[in-house]
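Contents: one structure, followed by commentary.
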Amino acid sequence: MISIFRKKEDWTWDTVAQKIMSEKSFVTLTKTDEILTFDGRRYSQKVAETYIRSRTDQLEPTQSKSFKNEVIDKIKTRTYKDFEIFNSRPDILTLENGILDLNQMKLSEHTPDNLTTLLLPLEYKKPQFEIKEETIFEDIEKNLKDTLFWKFLKSSFTLDENFEKKSFEAALEIIASVFVKQQIDAKAVINLGKGENGKSVFLSYIESLVGNENKSNIQLQQLSEDKFLPSQLKDKLVNIFADLENNELRKAGLIKAIITNEGITGQEKHGRPFTFNPFCKLIFSCNRFPKVFDQSQGFFRRWIILHWNRNFENDPQRDEHLLQKLVSNKEEKNKVFSTLIHLSRQLYQRGKFSHSKDWKTIQKEWNANADPISDFVEHYTKDSDSNTRVREMHAWYKEIMYQKGENPLGIGQFGKIFREYYDQSVNHDVRIWLGVEPKKPIQEKMKEFDE
């Protein structure tokens, strides 16, 4: 009887490589030289080399480390595929229960022909109520109105019994956008709000939907200046950073390139540079915008500002365990995903968000928040032949800040910054600002009615 097993001395680098490749699917990426193996649902780098070494050891346990390295090199040489073809289809999502086609909203079985490294920790199940494009937000509500997610998000955009419908719909679209592997209308998102307003829960919930492997957490300012950090955006669905520092954003070129899905250069430490097109959505939050040097239309038109005005700090109905309840409820997360993915399809096909402001409005809003005193000087004071007492000007500044819902600086801090614009002097023991006065709205009196 002829043995079907090779004799020990027959195993070579080549035959071991062939044997291992007959058992598993491998792909090696050009540019980065990463070797991936198909794990039954997607391709993963985590276990590829480990598996090859382990399997080589089983087949030829007496061979050296260099023998195993040669086997790895043989497999790499035979399995190269273009870097760009991986994760290249924005209309395909790989889920735990199959491959979802965004256009058809149909599931198919996992296959090694699906060249992706992305696996969402979610399952798609057809929503209970049909979702039509022309009534999409109403149909989404029918499916989700009884979920904790819906109640949380709706309460976050309800202030003094006034429901902020546009902001609420924008929040839904922001979540839906992260599931599309291309940029939507070249927009990034910044969530603005102070205190316990729900925005941190919102961002954490998005992270729980996409999973840790599919997101990065890089600060806006660092992303614009560190040459190694952009590589972390490769093959990520979303980059989320909460509570931005308000230090200046000096460079915006790379940020604009990411948002517009242009090719950027990535490089890992001790690695060679490579070019890729990031499709991840940039989502940030802050209490105050960072000052930006780039005041162009090209910068400000790239942003969606989502305001979180509600404050839950002293709310008697506030649930301290809300986030844990939201992220741990796998069944509800699948339901939320299965519903909002229809909104993802609409965004993918339409290529636009529903509620976007013009760039001038965003610029004005951003700058006023980033530098309140500069905005105060520009819009609420005017040059004058007369002078204004220091306390009077500070009182006017406080009034404006309170109108805007801002916490004003104390008179000392305010004066230190205001000196950059006007000189201060003393007149009869009273401190005054020279050549400036408050610019207050003119109150016109009604003319007497002559009968």
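Please treat every number below as a calculation from the coordinates, not as lab data. The shown structure was predicted, so the numbers you read here are calculated from the model rather than taken from an experiment. Because the Cβ atoms are built from the backbone with ideal geometry, glycine has one as well, and the counts that use them run over all protein chains shown.
Among the DSSP beta bridges whose two residues both lie in the chain, what percent are antiparallel, rounded to the nearest 5?
Values: 26 of 44 bridges.
So the antiparallel bridges amount to about 60 percent of the total.
Short to long, the 10 Å bins of the Cα pair-distance histogram for region 8-85 hold 19, 54, 23, 4, 0 percent of all pairs.
Defining a contact as two alpha carbons under 8 Å apart and six or more residues distant in sequence, what relative contact order in percent does the chain show? Contact order relative to length: 14 percent.
Full extension of the chain segment joining THR361 with PHE137 gains 78.0 nm, where the gain is 0.36 nm per residue of separation less the Cα-Cα distance. In plain terms, if you count all Cα to Cα distances in the chain and split them into 20 Å steps from zero, the share in each step is 20, 43, 25, 9, 2, 0, 0 percent. For region 1-148, the alpha-carbon coordinates run over 69, 40, 29 Å along the three principal axes, in decreasing order. Put a plus charge on the Cβ of each Lys and Arg, a minus charge on the Cβ of each Asp and Glu, and nothing anywhere else: the dipole of region 371-438 about its Cα centre is then about 260 debye.
Extent along the principal axes, Cα only, for region 191-333: 53, 36, 24 Å, with the longest axis given first.
Estimated from helical segments only, the mean residue ellipticity of the chain at 222 nm is -11000 deg cm²/dmol, where each DSSP H run of four or more residues counts as -39500 (n - 2.57).
Computed over region 371-438, the P(r) curve from all C-alpha pair distances, binned at 5 Å from the origin, holds 4, 17, 32, 28, 13, 5, 1, 0 percent per bin.
What FRET efficiency comes out for LEU107 versus THR12 if R0 is 41 angstrom and r is the Cβ-Cβ distance? Round to the nearest 0.05.
The formula returns an efficiency of 0.45 here.
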